[in-house]
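Have a look at the structure below before the remarks.
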Amino acid sequence: MTTGPPIGGTWGLTAVMVVIVSWVLYRYLAPASWKEWSRAGLIQAFIIALYAEMYGFPLTIYLLTGWLGIKVPWLHQSGHLWATLFGWGDAGAMIEMLVGYTVVFLGISLLVEGWREVYRATQKGELATKGLYAIVRHPQYTGIFLAIFGQLIHWPTIPTLVLFPVIVWAYYRLARKEERAMLEKHGTAYAEYRRTVPMFLPKWGDWKRLLTPGSAEDRDA
């Protein structure tokens with residue numbers, strides 16, 4: 001990976017990608033309170049940090065080459081940092097990108113489908129416990145975690161690596177707060193639901209159902 005287009009400098013593309021990805025985030029996450037907005041702001045910071053380095057200025061590569069003395073070519077392909085650091089070559093970078101984007105799209109599908117299931121349950125005045133919500137209690141947050149993790153596979157940077165655990169912790173706390181409110185509203189029905197359904201990670205045999213939302217919905221219809 002020694003030849004290729006130079007990295008960075010395309011700030012127009014950076015702005016376009018930030019706008020598009022942010023629209024998806026706010027369209028389907030739909031923050032309500034200021035605390036929810038603050039958590040969404042963490043994801044917004046992740047998005048900006050990611051695309052600013054992907055198409056703007058490669059801060060992580062600058063720090064690795066300047067401070068740590070690691071030989072990382074200043075090329076766009078070098079943003080596939082795992083392949084660059086471990087010497088996997090162009091094929092490794094391609095595999096890294098495909099795996100990362102697969103995880104990203106799985107996460108986005110959970111975010112979108114979870115939003116739809118909540119909307120349908122709200123329209124009927126019911127508690128969302130079917131489809132994805134029969135597998136995990138917070139599939140939208142699981143989707144956020146997967147989408148972010150997929151980007152860390154595809155295009156890891158120092159700022160996004162730092163932000164990832166902060167985002168997970170923030171949404172864990174938000175989920176706990178939401179569950180306390182649901183207990184007050186629905187009482188024993190939600191307590192039983194919480195006892196039998198995992199929070200973010202499905203039971204071992206339910207991973208396939210989680211990652212194929214259509215089949216989960218069909219089984220619980």
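The values are calculated or read from the model by the stated rules, or taken from the named source; none is laboratory data. Just so you know, these numbers come straight off a predicted model, no measurement behind them. All Cβ positions, even for glycine, are placed from backbone atoms using ideal geometry, and neighbour counts span all protein chains on display. The accessibility values were calculated without ligands, DNA or RNA, using every heavy atom of the protein model including side chains. Shrake-Rupley method; radii C 1.70, N 1.55, O 1.52, S 1.80 Å.
Pairs linking a residue in the range 94-109 that is closer than 13 Å to T212 by Cα to a residue that is of a type in the set (A, V, I, L, M) and surrounded by 15 or more Cβ atoms within 10 Å (Cβ to Cβ), with Cβ atoms under 6 Å and 6 or more positions apart or on different chains, are V103/L146; L106/L146; L106/L211; G107/L146; G107/A147; I108/A147.
Condition test on V118, is it in a helix (DSSP H, G or I), out of contact with any Leu (no Cβ under 9 Å at 6 or more places or on another chain) and among the β-branched types (V, I, T)?
Values: in a helix (DSSP H, G or I): yes; out of contact with any Leu (no Cβ under 9 Å at 6 or more places or on another chain): yes; among the β-branched types (V, I, T): yes.
Spelling it out, V118 is indeed in a helix (DSSP H, G or I), out of contact with any Leu (no Cβ under 9 Å at 6 or more places or on another chain) and among the β-branched types (V, I, T).
When K208 is evaluated against the numbered criteria (1) crowded, with 18+ Cβ neighbours inside 10 Å; (2) at pLDDT below 95; (3) assigned to a helix (DSSP H, G or I), which criterion, by number, is the only one it fails? (1) is the only condition that K208 fails.
Here's the yes/no breakdown for (1) polar (S, T, N, Q); (2) in contact with a Gly (Cβ under 9 Å, 6 or more places away or on another chain); (3) assigned to a loop (DSSP other than H, G, I, E, B):
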position: L13; (1), (2), (3): no, yes, no
position: M17; (1), (2), (3): no, no, no
position: R27; (1), (2), (3): no, no, no
position: T65; (1), (2), (3): yes, no, no
position: G92; (1), (2), (3): no, no, no
position: M97; (1), (2), (3): no, no, no
position: Y101; (1), (2), (3): no, yes, no
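Residues that are open to solvent by 50 Å² or more (accessible area, probe 1.4 Å) and in contact with a strand residue (DSSP E or B) (Cβ under 8 Å, 6 or more places away or on another chain): does the range 74-84 have at least one? Within the range 74-84, one or more residues are open to solvent by 50 Å² or more (accessible area, probe 1.4 Å) and in contact with a strand residue (DSSP E or B) (Cβ under 8 Å, 6 or more places away or on another chain).
Listed conditions (1) more than 26 Å from L174 (Cα to Cα); (2) at pLDDT below 90; (3) of a type outside the set (A, V, I, L, M, F, W, C); (4) buried (at least 20 other Cβ atoms within 10 Å of the Cβ) are all met by R39, apart from (1).
Would you say T142 is among the polar types (S, T, N, Q) and not in a helix (DSSP H, G or I)?
Details: among the polar types (S, T, N, Q): yes; not in a helix (DSSP H, G or I): no.
No: the conditions fail for T142.
Considering A181, A147, the condition of being at pLDDT 95 or above and either surrounded by 15 or more Cβ atoms within 10 Å (Cβ to Cβ) or over 18 Å from the mean Cα position of the chain (by Cα) (or both) is satisfied by A147 alone. Exactly one residue out of A93, A52 is farther than 22 Å from I144 by Cβ, out of contact with any Lys or Arg (no Cβ under 8 Å at 6 or more places or on another chain) and crowded, with 16+ Cβ neighbours inside 10 Å: that is A93.
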